Structure formats: structure tokens, C-alpha cells
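Below you'll find the structure, written out as C-alpha cells, and then a few comments.
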Amino acid sequence: MTTVHTTTYDLLRQQGITTVFGNPGSNELPFLKDFPADFTYILALHEGVVVGIADGYAQASGTPGFVNLHSAAGTGNAMGALSNAWNSHSPLVITAGQQTRAMVGVEALLTNVDAANLPRPLVKWSYEPASAQEVPHAMSRAIHMATMAPRGPVYLSVPYDDWSKQADPQSWHLLKRQVLSAGGPSEALLADLVAQLANARNPVLVLGPDVDAANANQHCVVLAERLKAPVWVAPSAPRCPFPTRHPNFRGLLPAGIAAIGKLLEGHDLVLVLGAPVFRYHQYDPGQYLTEGTRLIAVTCDPLEAARAPMGDAIVGDVGLIAALLAKQVPEATRPTLKALPAPEPAEQGSSKLRPEVVFDTLDEIAPHDAIYLNESTSTTALMWQRLNMRHPGSYFFAAAGGLGFAMPAAVGVQLAQPERRVIAVIGDGSANYSISTLWTAVQYNIPTIFIIMNNGTYGALRWFAGVLEVENVPGLDVPGIDFCALAKGYGMHAIKAENRDQLAGALHQALALNAPVLIEVSTLGPLG
Ligand code: TZD
Ligand code: CA
């Protein structure tokens, strides 16, 4: 007899899934039993970290991240991370163990009550198979759901007694199936879009994370050059879809309604590729777009298309449509754009390093194809101004703004991209949400470089308190944390850097090592 266990591992193998990111409990042991030699298990010590690593891995590899969590408690711990994965269209197959079927009804300890409902609304599909025989089918369905456009996380709860049962004898069909997305535009739609761009007097491109996810960055470079159009990155950017030193690059759009409306004023056509319209943050009421500006958004996601408050939307394959436009849009007769002046090199400042200096030093010393993870919330704008990000897949940020993403995701990205060095720039506040990531990086020798920007405060919240005009708010400072000591506690090499020279030395040292390193930098906060 072929068991559900054997059939499921065969199915995962056939789908190219041989890494399991997990944190186990009793309900999961029968799934992990006789773990096949051609599979790798990556253990993380908190479920937010498990999903964060898998998310980074899935985004950087473009292949599904397979996760195994412990029942309701493990899933609950992962929900914050799931909010980011949901917003970044990250293809995650999240499985969780369930109590044995005979004891679910009496709600024995570690029962996942109403399991399929628990992760909603942050998954595309959620399910607990009605019988053991159905598990391979449900797993197959989960993988296809996660990887089909628009990609996203799915959830599967499996009672632990199912794994040793006999699989449906017809399960072999599942091992042969492929499900492909073919979301190209019709000729008429494409011709219309090309004509609208060709006839626009002053078009502008706004690019989002799904351009980078589709590896369509270079198509967008060609499109921008042919259109002679400025390029903005959509607000609250989780990825970098365009080279930041390209002459057409204008920067990151602010995350307020009125601010965006004003910045896009004067353009008759805004073409948004691969972003929601828009991921606003601070409430900045005003006009979405001013009179005379039209917007067309190309997105992989019908939900994004439907909820945009203005403009038209086309749901389709962002990469393919970008490639077709780059080929078919005629060269505009407008003058070629000139690059914005590069920012002045920053002075070190008094006792603590200015964040500008940290980014200038990184930009100078890090490899040109380094991959950056950002969770230093008050310095995001500086990072975008000062880092020369040239290649696709060079930048990742929490897509829902949930902290605790970047440290684990940096480990997952490094696993997916062993040829490129991953550098995670993390605030001292943010570092605490997923600090146990350091343990996984050490144990599996994943050579991510963690730079902790220690300014002793939740800097972004201090800035936001100013925006909201609220005073005397408690809980905004985080003094007294020694990150080098924490890193050493997890077995990681750690270096303190107090000035530019020490930071440069630490970076050279870290880059020469084939091991993870934490560099703690004392930085000036946003308010000095
Ligand atoms: N909890 C979670 C899971 N996500 C959040 N986004 C927050 C709390 C709220 N939050 C922000 O949005 S930014 C921020 C918090 C607490 C401060 C982060 O501080 P930091 O970076 O030290 O990491 P800066 O540069 O000092 O802001
Ligand atoms: Ca901070």
C-alpha cells in the first residue's frame, strides 16, 4: 500500500519542493517521520521567523516556500508574518498539524478548532481534508493555488493520523499534473494600451513589486527610455523594480493621497505596473489625481484592480505585458531625461553615525549585486536615495508593514540566492520581533550580514506622532539593548561600529567571512 505520507513527499518532489521550513510539535511528528534524505528541514525557533524565512525564500526564488507549523498556536504566532506574505503575493504552502481525527471533536489539547478559518483572510485558500485519503489531492490543490497568478499563501491543516493511512490509489494522476497561467493580453487590448501611451503628451510610469517579482525590470527600463518618461516606485515599496541610478528614476512616491496626486500633476497618463493603486499609509486627504490626469494600472491581482479608488485596471501577466509594451511602444520625440543629482556625500556628525553615512559606506563597500533587506523604518527614504540598486531582486521590505519580516526574510533570500550577499539593515526596535533568526542563520551557516541601526527608539513612531500631532505618548523608546551580546548568545560573530572607519572595517571583515555576522551601529535618531 502507498501511504498518504509517501504520496505527499512524492508530490512535493515532483513540484520541486524539497525544503521544509518549520517549527514542530507533537501533531507534526508523523509528517516529519522518516524525513527523506533528499529533503532539507530548516528549523526556526518562532513561527513568525519560520514564515519570514519561507517568504524571503519564495520571493527571491520565485518558487513556493513550504512551511510546517504547529497547530493553532503555531499558526497564531505566524499571522503577522502571513499578513506580509499575503500582501507580497508570496507563494507559500503553509501546512499545520491537527490533533488526531478521533480527538478533534472533544477538543483535546493542541486541537486546531475550526482550523481552516484561522488564517483567513490572509490566505488565498484554506482547507482541512475531509478524509485521510484526500490529503495528497488537497496538497496538490494547495501548491497549484499558491503558485497560480496571483500567487499567494495557502493553508492546509492535516490531522496527524492521516499520514500513515492508505492514499487514494488514483493519486498518481496528481504526480503528473501541471497547472499553467497564461495571462497575456488580447491583441486589441494591447494595441489600445500602446496607442494610449504613444499618444500621451507627458506619460509617467509608476512601478511596483510585481515588476520585480516577474523579473521585468529591464523591460521597464526599455519602456521608460522609449517613452522618455519619468519612473516612480509605488509607495510603501516592498521591492525595487527599477535601477535607482537610472536617468529616468525619480524615487519612491510618498504614501499620502494628496502628496501623490500633486506629484503626478501635469502628467496626462499614469501607467502603473505591478502595484496596488496605491498602498497609502499616513492619512493625507486630497485629490487622488488632479484634473487632466488619467491612470491605468496593470496588475496580476483582481482584488487590487477592484479596490483601486480611481483609474482603469487591466488584470493580467505583468511581466508579459511589460515586455510587449517595451517592444511595441514607439520611441517618443520628447527630450531624453536627465538624472537627478546624486545626493551629497554625508558627513559623519558628532558622536553617533548619521544613517546617511551608513548607507554611503554600504554603497561604497558592498558588492554591486548585494541584496538589501530593509526594516529600519525611519531611514527608508534615505536608503532609496543613497543605495545604487542595479539588479532585479535587490531589495525587500515587509509588504504589509508588519515588523519582524526582514531579519528572517534575509535568511530565506540568502538561501535562495547563495551567489549574492544579503545585507539586512534593521532598526533596533524591529530586530526584537524576530531576533531568534540569528540562531537559524548560525546553525545552517547562512552568511547574511545583519546591520542593526541602534538609535534607542521607535524612530518612525516618533515621526508619526508629529504627523498626528499627538504628544506625551508612552512606549516609544527601546534603550538598553546590547545586540552584540544577543548575537553572541546565539553563537553569531558580532562587531560594534561607532564611526565610519569602524563600520567600513566591520563590513570588509563580514564580507570576507563565509558566515553570518551582526554589525551593531550607534546611529542618530530622526530627531537627533
Ligand atoms: N508591530 C508590528 C508587528 N509591526 C509594526 N509596524 C509595528 C508594531 C509599529 N511600528 C512601525 O510601524 S515602525 C515601528 C513600530 C514599532 C518602529 C520601529 O523602530 P526601529 O526603526 O527601531 O526598528 P526606526 O528607524 O527607529 O524607526
Ligand atoms: Ca530605532
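The values are calculated or read from the model by the stated rules, or taken from the named source; none is laboratory data. Here the structure is a predicted model, which is why all the values come from computation and not from measurement. Ideal geometry is used to build each Cβ from the backbone, glycine not excepted, and the neighbour counts take in all protein chains shown.
How many residues does region 306-330 contain that are part of a strand (DSSP E or B) and under 25 Å from G266 (Cα atoms)?
Initial filter on region 306-330 (part of a strand (DSSP E or B)): 312-315.
With the extra rule that they be under 25 Å from G266 (Cα atoms), the set shrinks to 312-314.
Summing the residues that are part of a strand (DSSP E or B) and under 25 Å from G266 (Cα atoms) in region 306-330 gives 3.
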Evaluation of N432 against (1) surrounded by fewer than 18 Cβ atoms within 10 Å (Cβ to Cβ); (2) within 16 Å of ligand 1 (Cβ to nearest atom); (3) more than 30 Å from D210 (Cα to Cα) (one fails), failing number: (3)
Long-range neighbours under 8 Å by Cβ, at least six apart or interchain, first residue at positive phi within region 355-382, second assigned to a helix (DSSP H, G or I) and not small (G, A, S): none
Qualifying residues in region 361-378 (those that are surrounded by fewer than 21 Cβ atoms within 10 Å (Cβ to Cβ) and in a helix (DSSP H, G or I)) - the one nearest to ligand 1 (Cβ to nearest atom): D363
Any hit, region 232-241, residues being buried (at least 20 other Cβ atoms within 10 Å of the Cβ), among the aromatic types (F, W, Y) and part of a loop (DSSP other than H, G, I, E, B): no
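Which of the residues that make up region 494-528 are outside any strand (DSSP E or B), more than 16 Å from D360 (Cα to Cα) and either within 16 Å of ligand 1 (Cβ to nearest atom) or in contact (Cβ under 8 Å) with a residue 40 or more places away in the chain (or both)? Steps first, please.
The first filter runs over region 494-528 and keeps only residues outside any strand (DSSP E or B), leaving 498-516, 524-528.
Then drop every residue that is not more than 16 Å from D360 (Cα to Cα), which leaves 509-516, 525-528.
Listed by number, the residues that qualify are A510, L511, L513, N514, A515, P516, G525, P526, L527, G528.
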Test for T333: is it of a type in the set (S, T, Y) and either assigned to a helix (DSSP H, G or I) or under 29 Å from the mean Cα position of the chain (by Cα) (or both): no
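Give region 414-438 a look and list any residue that's more than 16 Å from ligand 2 (Cβ to nearest atom), of a type outside the set (D, E, K, R) and in a loop (DSSP other than H, G, I, E, B), or say none.
Of all residues in region 414-438, those more than 16 Å from ligand 2 (Cβ to nearest atom) come to 414-423, 436-438.
If we keep only those that are of a type outside the set (D, E, K, R) too, we end up with 414-418, 422-423, 436-438.
Those that are more than 16 Å from ligand 2 (Cβ to nearest atom), of a type outside the set (D, E, K, R) and in a loop (DSSP other than H, G, I, E, B): Q417, P418, S436.
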Output for region 144-181, where each listed residue is in contact with a His (Cβ under 6 Å, 6 or more places away or on another chain) and β-branched (V, I, T): V179
Neighbours by Cβ (under 6 Å, 6+ apart or cross-chain): first from region 447-462, farther than 11 Å from V521 by Cβ; second near ligand 2 (Cβ under 6 Å from one of its atoms): Y458/G429
Check on G491, modelled with pLDDT of 95 or more, within 16 Å of ligand 2 (Cβ to nearest atom) and assigned to a loop (DSSP other than H, G, I, E, B): no
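Examine region 383-403 for a residue that is part of a helix (DSSP H, G or I), aliphatic (A, V, I, L, M) and more than 10 Å from ligand 1 (Cβ to nearest atom), and state whether such a residue exists.
yes
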Considering residues of region 276-305 that are in a loop (DSSP other than H, G, I, E, B) and touching an Asp or Glu at 6+ places or on another chain (Cβ under 7 Å) only, the residue nearest to A465 (Cα to Cα): P276
Any chance L527 is modelled with pLDDT under 95, within 16 Å of ligand 2 (Cβ to nearest atom) and surrounded by fewer than 13 Cβ atoms within 10 Å (Cβ to Cβ): yes
Residue within region 352-366 that is at pLDDT 95 or above, among the small types (G, A, S) and either within 20 Å of G52 (Cα to Cα) or within 15 Å of ligand 2 (Cβ to nearest atom) (or both) present: no
Residue in region 392-399 that is crowded, with 23+ Cβ neighbours inside 10 Å, under 15 Å from the mean Cα position of the chain (by Cα) and within 16 Å of ligand 2 (Cβ to nearest atom) present: yes
